[in-house]
Amino acid sequence: MRIRNVKIEDVVAGRNWRLKDSLSSSMVDWEIEVCSTFLPGDTVVYSELALFVTGEVRPLLLVRDPTSYEWGGDTCEYIDGAWRELGRANDWNAETYVADPLGSDPSFMGEYSHENQRAGFARWCHRIQVSTST
C-alpha cells in the first residue's frame, strides 16, 4: 500500500508501518506495509497526532529511522481528504504525540519519552479532526 491509502481509523488505532520503497518523488506515494515487528535497518512510519492551541487534533504520519537520536523525520498531514507532506501553513505550531514509538528508538527521551508520547496520544486521539480547509 502507499501512504496515500492510510485510513484515519488506522492512525487513531495507533498502527505502525514499515517503509518498503521511498523512490517516488512524492512522499504520499511511498510504499509501506503494516508491521508490528521491526528489523534493524527498517524505517518506521508512526501514527502521530498534532494538538493545536485551538483545540484541533489532526492525524499525522511520521517516517523516521528508529536508530537515530535526532528527533523528528519526514511527516505527512491529512488535509482536505488526502495525505500530503507537512507544511500547510507558515504558522504551523502544535504539540505532537506518537502513538507507539518503538522501545528501541533512542530519540524518545526526557519530556518526549516513550511513555509521555503514548500517554499524550491516548489522551487526544479520540478528538482527531479531519481538516477540510486549507
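The values are calculated or read from the model by the stated rules, or taken from the named source; none is laboratory data. Predicted model, so just to flag it, every value in this text is computed and none were measured. Cβ sites come from the backbone with ideal geometry, for glycine too, and all protein chains shown count toward neighbours.
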Pick from segment 106-128, criterion under 19 Å from Lys7 (Cα atoms) and surrounded by 15 or more Cβ atoms within 10 Å (Cβ to Cβ), ranking: modelled with the lowest pLDDT: Ile128
Can you tell me which residues in segment 19-41 are acidic (Asp, Glu) and over 16 Å from the mean Cα position of the chain (by Cα)? Asp21
Could you tell me which numbered condition Tyr97 fails, if it satisfies all but one of (1) in a helix (DSSP H, G or I); (2) modelled with pLDDT of 95 or more? (1)
Can you confirm whether Phe52 is surrounded by fewer than 19 Cβ atoms within 10 Å (Cβ to Cβ), within 15 Å of Arg15 (Cα to Cα) and either without any contact (Cβ under 8 Å) to a residue 12 or more places away in the chain or not β-branched (Val, Ile, Thr) (or both)? no
From the list Tyr78, Tyr46, pick out the single residue that is within 18 Å of Ala122 (Cβ to Cβ), in a strand (DSSP E or B) and either of a type outside the set (Lys, Arg) or out of contact with any strand residue (DSSP E or B) (no Cβ under 8 Å at 6 or more places or on another chain) (or both). Tyr46
Identity of the residue in segment 56-94, loosely packed, with under 12 Cβ neighbours inside 10 Å and at pLDDT 85 or above, that ends up farthest from Lys20 (Cα to Cα): Asp80
Exactly one of Thr67, Thr75 is within 16 Å of Ile3 (Cβ to Cβ) and of a type in the set (S, T, N, Q), and that one is Thr75
